[in-house]
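The values are calculated or read from the model by the stated rules, or taken from the named source; none is laboratory data. Nothing here was measured: the structure is a model prediction, and the numbers come from that model. Areas reflect the complete protein model, heavy atoms only, side chains present, ligands, DNA and RNA absent. Shrake-Rupley method; radii C 1.70, N 1.55, O 1.52, S 1.80 Å.
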Amino acid sequence: MALSSSISPCYSCKLFSNPSLSHLKAKGKEMATLNRTHPFSLLQLHCSSFLNSKWERGELKFGIRAAVTSEEYLLDGAIENSQLPRGDSWSVHKFGGTCVGTSERIRNVANVIIQDQSERKLVVVSAMSKVTDMMYDLIQKARSRDDSYLTALDAVLEKHKVTAIDLLDGDELASFLSRLHHDINNLKAMLRAIYIAGHATESFSDFVAGHGELWSAQLLSSVVRMNGVESKWMDTREVLIVNPTSSNQVDPDYLKSGERLEKWYSKNPSMTIIATGFIASTPQNIPTTLKRDGSDFSAAIMGALFKARQVTIWTDVDGVYSADPRKVSEAVILKTLSYQEAWEMSYFGANVLHPRTIVPVMQYDIPIVIKNIFNLAAPGTMICRSTDNEYEDGQRSVFPVKGFATIDNLALVNVEGTGMTGVPGTASDIFAAVKDVGANVIMISQASSEHSVCFAVPEKEVKAVADVLESRFGQALSAGRLSQISVIPNCSILAAVGQRMASTPGVCATFFSALAKANINIRAIAQGCSEYNVTVVVKREDCVRALRAAHSRFYLSRTTIAVGIIGPGLIGGTLLDQLKDQTAILKEKFNIDLRVMGIIGIDSMILSGSGIDLSRWKELLSQNGEMPDLNKFVQHVGENHFIPNSVLVDCTADSHIASQYYDWLHRGIHVVTPNKKANSGPLDQYLKMRALQRQSYTHYFYEATVGAGLPIISTLRGLLETGDKILRIEGIFSGTLSYIFNNFMGTKAFSQVVKEAKEAGYTEPDPRDDLAGTDVARKVIILARESGLELELSDIPVQSLVPEPLRATASAEDFLLQLPQFDQELSKQRQEAEDAGEVLRYVGAVDVVNGKGTVELRRYNKEHPFAQLSGSDNIIAFTTERYCKQPLIVRGPGAGAEVTAGGIFSDILRLASYLGAPS
């Protein structure tokens, strides 16, 4: 007789592997003479007593199949007089626990089955959601002698009873409830035995855990029948034969399984079969499982046995993602994956399939399709044999890397020493020792020098690994043949997977460049010759950022940058408006994706997880803003989102904010600023920051600190980097003072020109901030340091245009009222210059040859370029060895919100270019 759901619990006991029931009865009586105090004896005694009592009451109604014959059988060969049709007429569907978690979802699954147009259908179904966990909990409670296992079993009964009452009626309901109650009674007896013994064998546990699949398969089959479609349900323990190879793995016996399938189908022919997932039997007819997440594996095995047209895995996601969407919110659904790609991604922890699911279907080129039961319109992901065709849907594939996966909570073990070089068997001895403690080696990396071997193991196993290696190689360590066995904890693995990586030059370069530019340090690298994957080990705290960096490099726009704006005042606000107008164009034409993730001002800040709507930034900041918190702001922009590259744009003149630059750069956050305070501050801090910048892939751009939007810094760097020698830099660096002296002509008093400049918006709120010359001095010190001079701001003599008696005046208004009293001196200097055919200009100069700088009012001939300025233009002259007779002149607007914001914007685009965008 075929096995059924009403089988007694003793089906799982090795005592009953002999099919003779009389032998079983005798064996049960024999067990009664065992030492009753031994826990294993108690368990066997209870099973034997249960069997005998059932036998004597005539209630034992199950049989056990004899072993299959040793007749040679090939799955792909025809069986004589076979009644089972195989081939494309069959489609296989697998529904996970979430898909059948409620009665309503079971109805949905039944509808999907009924609407499938395939001629024949085999459906593999998991237990209802959470039921398998409930079953294992029953075992644990009974093993711990916790009486609440009975209450927990009642909860299992009630869950299925309520579901059945909602789904079924009439004979179907009565039949299911009868089987359900019978199974529950058997489980009570089994759990009682476990409770008495305080122990459960693996077979007992597998038997108990597999009941959820039995019930869900019966329920689904009944619902299908009630909808008018003939259906049979299959207990796959009658068909699938597997050989356990370890505590968490089994190997299917396709020969015996194929024979049993033939026999099952000859007695249960049907066009629609609902089969249990997860469970199987050993060759000795002992119930077992395909281990956790084994229902996918069941479906693949069945697909191979039926030589089905397709295996569809139904789940609660739209398909296989390019990365874990919980870590990378912009991960995309992959249309296709090769068997090898899916295999690699499964191995490295991606939520794709049970790692062994792919093996059974590969032999027959059976595609696996991952689909969403809750979104039938989604096309899903097809896993199939690669055609080596570089075109998908008529278009060339642009993604040589298909997906990224990570494994956390690992440790690196590094064994190194000169005694390893050229010594055969060292690596073998290392991994033999690791095997002895049962540790799982995830990745191995060895340099060609053979000086060291490093490998990754789960962190929970690393102590045992280190201990056994130190014990095994203690003599080699003492003798110096091995120098150390070290452990690097808190590691994670990031794997890039893609079949086209092998035929696409530069993939590894792109991968490593993305990690480097995100400031990720790689601890170890491994790549097989097949090039299906490249694996790196990184710090655990860097793993998500590394994943996002790699994914964005291959899947997002060529360069995606998170932008944080500090100081949305005149310049910052203008920059935001410029970004609003240009971001869409930059993304479309240049693949540069700039996303403003945060704006912070004096009174308010706003943060966004995906990017602020810049058409409404003022409204959002005023209405939805929160109290400003610079630390929270920096963390959000730099660390708490899916974009690995981030830049903070400081549009303030605040020295406290400037003092944070080093920390931001150290954390891998790029900085762009017009704020002069950092580069003109204490020399030691400046040198420290520049050294950090040069040592890392973190960028610091400050073009707008000198000359607003003019290319002053970049011109100077270009001269130096091409080998020119700077002799002298001289210029009019202040747009305000340029305007004032360009208009200080004729009979106009100096105080009148200053007043007009303030009214026109060219000066700071307090004009003394401009007239004091400190701003020009800061620009001079910046250029001096860029030229290689190590000067402090205090080393620069500055000629202030603020009369000394007015420097302590209470307010800007008072200053302007009293300034006319001091017009005479400057009017006199202007007249003297005019008499000599010259003009007055306020300039800053860097004398590189003599190592000094000055800020002062000078006279220039009217033919000199400095004398021909207009408005608020800046002009800078570079005298170098190449440009000795005629200096290199840079001239243009040097003040104003538009040009300054434009200079900052230019630096942001320069950063994008450095990070990989087209230049």
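The figures follow:
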| read-out | value |
| --- | --- |
| Rounded if a/c under 1.5, otherwise prolate or oblate - the range 873-919, Cα gyration tensor axes | oblate |
| Residue 181 accessible area, 1.4 Å probe, all protein chains in place, Å² to nearest 10 | 70 Å² |
| Cα gyration tensor shape of the range 210-328, rounded if a/c is under 1.5, else prolate or oblate by comparing a/b with b/c | oblate |
| Heavy-atom accessible area order for 888, 783, largest first, 1.4 Å probe | 888, 783 |
| Flagged links, alpha-carbon separation over 29 Å, of 159/307; 94/435; 130/460 | 159/307; 94/435 |
| Sequence-distant aspartates and glutamates (8 or more away, or on other chains) whose Cα lies within less than 13 Å of residue 580 | 593, 613 |
| Shape category assigned to the range 174-225 from the gyration tensor of Cα positions, a/c cut at 1.5 | oblate |
| Apportionment of accessible area to carbon and sulfur, the range 272-392, percent (1.4 Å) | 51 percent |
| Share of carbon and sulfur in the accessible heavy-atom surface of the range 196-251 [1.4 Å probe, %] | 47 percent |
| At 1.306 mPa s and 10 °C, Stokes diffusion of the range 259-366 via Kirkwood alpha-carbon radius, µm² per second | 102 µm²/s |
| The range 612-707, accessible surface, carbon-and-sulfur percent (1.4 angstrom probe) | 46 percent |
| Residue 627 - accessible surface, heavy atoms, 1.4 Å probe, Å² rounded to 10 | 150 Å² |
| Accessible surface, per residue, of the chain when the full set of protein chains is kept, probe 1.4 Å, Å² | 42 Å² |
| Solution diffusion estimate, µm²/s, Stokes-Einstein, the range 743-852, Kirkwood Rh from C-alpha pairs, 10 °C, viscosity 1.306 mPa s | 102 µm²/s |
| Probe 1.4 Å - accessible area at residue 565, Å² to nearest ten | 0 Å² |
| Across 688/779; 141/232; 632/677, pairs whose alpha-carbon gap is larger than 26 Å | 141/232 |
| Degrees between helix 462-472 axis and first principal axis of the chain (Cα, 0 to 90, nearest 10) | 80 degrees |
